[in-house]
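See below for the structure under consideration.
The values are calculated or read from the model by the stated rules, or taken from the named source; none is laboratory data. Keep in mind that what you see is a predicted model, and the values were worked out from it rather than measured. Note that each Cβ is placed from the backbone with ideal geometry, even for glycine, and that neighbours are counted across all protein chains shown.
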Amino acid sequence: MFDSYQENSLRYYPDRCINCRRCTQVCPHRVFAEGERNAVLINAPACMECSACAGNCPVKAIEVRSGVGCAWAMIGAALRGKDMESGECGCKKSSCCGDD
């Protein structure tokens, strides 16, 4: 696998956000943070495209092509004999598809 996932399909529309904070609660890689008026996109490159944020956003302020980044990490880890939970999948997080 190349050096993590450099581009992703994450699109965030802050003007639609109602500050429900669901994206900050469900994102395993802390891509969003709580803001005063709406969520703040703080780390877009960390998005693994699991689509948890988009699936939980009640106003469709987030769009993600689900599965692309997460699947890439899982396939790469499997090919190298690495464990997804050990953080050896290549995404530079302590745990993929779960909490840090």
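Numbers below:
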{"read-out": "Residue count, the range 51-66 (criterion: of a type outside the set (Val, Ile, Thr), farther than 10 Å from TYR13 by Cβ and either touching a residue at least 24 places away in the same chain (Cβ under 8 Å) or assigned to a helix (DSSP H, G or I) (or both))", "value": "7"}
{"read-out": "Residues that are polar (S, T, N, Q) and closer than 14 Å to ALA61 by Cα, drawn from the range 8-42", "value": "SER9, ASN19, THR24, ASN38"}
{"read-out": "Any hit, the range 4-27, residues being more than 11 Å from the chain's Cα centre (by Cα), modelled with pLDDT under 90 and loosely packed, with under 15 Cβ neighbours inside 10 Å", "value": "yes"}
